[in-house]
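My questions will all concern the structure given below.
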Amino acid sequence: MPGPTASERRQSVRTGVVWEAVCEALEGLRPAPDGQLRIIDIGGGTGGFAVPLAQQGHRVQVIDPSPDALASLDRRARESGVADLVSAQQGDLSDLAGLAEQADVVLCHGVLEVVPDPVAGLSALAGALREGGVLSLVVGQLHAAVVARAMAGHFQAARELLDNPETPRGRRFTHDEIRSLLTAAGLDPFAVHAVRVFADLVPGSLLDLEAGASAALVELERAVATRPEYFPLASQLHLLARR
């Protein structure tokens, strides 16, 4: 059997920490009598999380504004043999209340940054969860974004982001800010993970050419994911919160 492709290795580095945390959170939830959890994936795109979760036997509803992404999701689900467990609907976070019933788990990865009103967005996410349900939230982290701009030589852009985390490409959050917003929305954050602390700094060619480099980098990312001193260095923060 062929090993993972270069693209798959890079993807495992970017999402490995989040995937493992989501799977662990699911284990602590009580499924329906049929053993299925009901999951909503906001902005789930082509099914990077939805299809593997469906392969675990859960029912996943993907809501995404891109018809092209949803078409790819449909193909991916059919090819993986889980088309009966994955549903796709075009829409975004503002449509959530009208598109979905309450779920055991809601995934919102890389979406809150581009929502005009993050407070309203988090309230909608909370409303989509049953009592005791879990939100998996991934957001861009402010401090690392400032450093990345400076390292690329974009010093003015770094200063502007430092002074104003709202940019045309989306908002960046600090750890304390996003925790406070979750609490204000009636959610209880119970876990935080630093995501892509090193991955965005490592040349892709290194992962492609050096045997074992991707696996070693995943282990390093995993080792620092829950250490608070690395939160400001992470490109993203992953938070799990309970309703």
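Report the Cα-based extents of region 18-84 along its three principal axes, largest first, to the nearest Å.
34, 23, 17 Å, listed from the longest principal axis down.
Report the Cα centroid-to-centroid distance between region 117-141 and region 76-116 in angstrom, as an integer.
Here the answer is 13 Å between Cα centres.
Can you list the residues, at least 5 places off or on another chain, whose amide H is less than 5 Å from the amide H of Ala191, using H built in the peptide plane?
Result for Ala191 returns Leu240.
Can I ask one more? What residues have an amide H closer than 5 Å to that of Val197, excluding those fewer than 5 places away on the same chain, when H is modeled at 1.01 Å from N in the peptide plane?
Here Ser235 satisfy the definition.
Sticking with this one: Residue by residue, what Karplus-based ³J(HN,Hα) values in Hz, rounded to whole numbers, does region 113-127 have, using 6.51, -1.76 and 1.60 with θ = phi - 60° and x for Gly and Pro?
Using θ = phi - 60°, the values come out as 4, 9, 7, x, 10, x, 5, 5, x, 5, 5, 5, 5, 4, x Hz.
Within 10 Å, at most 14 other Cβ atoms, and a DSSP state outside H, G, I, E, B define an exposed site. Report the longest part of the chain free of exposed GluC sites (Glu not before Pro). Provide the component values of the computation, followed by the final result.
Values: sites that count: Glu101, Glu210.
The reported range is 102-209.
Looking only at Arg159, Arg38, Arg172, which one moves most when the chain is put into a Gaussian network model with springs between Cα atoms under 10 Å?
Among Arg159, Arg38, Arg172, the largest mean-square fluctuation in the Gaussian network model of the chain belongs to Arg159.
Suppose only helical runs count, i.e. DSSP H with n ≥ 4. What mean residue ellipticity at 222 nm does that imply for the chain under -39500 (n - 2.57) per run, divided by all residues and rounded to the nearest 500 deg cm²/dmol?
On the way: 10 runs with 102 residues, N = 243.
Calculated at 222 nm, the ellipticity per residue is -12500 deg cm²/dmol.
Toward the positive end of the charge dipole of the chain, about the Cα centre and with charges on Cβ (Lys, Arg +1; Asp, Glu -1), which of Ala126, Ser72, Gly110 goes farthest?
Positive-end residue among those listed: Gly110.
Moving to a separate point now. Solvent-accessible area of Phe155, probe 1.4 Å, all protein chains present, reported in Å² to the nearest ten, please.
Surface accessible to solvent at Phe155 totals approximately 140 Å².
Can you give me the long-range amide H partners of Val62? Hydrogens built in the peptide plane at 1.01 Å from N, cutoff under 5 Å, separation of 5 or more residues or another chain.
The answer is Asp41, Ser87, Ala88, Gln89.
The values are calculated or read from the model by the stated rules, or taken from the named source; none is laboratory data. Quick caveat, the model's predicted, so the values are computed rather than measured. Glycine gets a Cβ as well: all are built from the backbone with ideal geometry, and neighbour counts include every protein chain shown. Quick note on the areas: whole protein, heavy atoms, side chains included, nothing else; ligands and nucleic acids left out. Shrake-Rupley method; radii C 1.70, N 1.55, O 1.52, S 1.80 Å.
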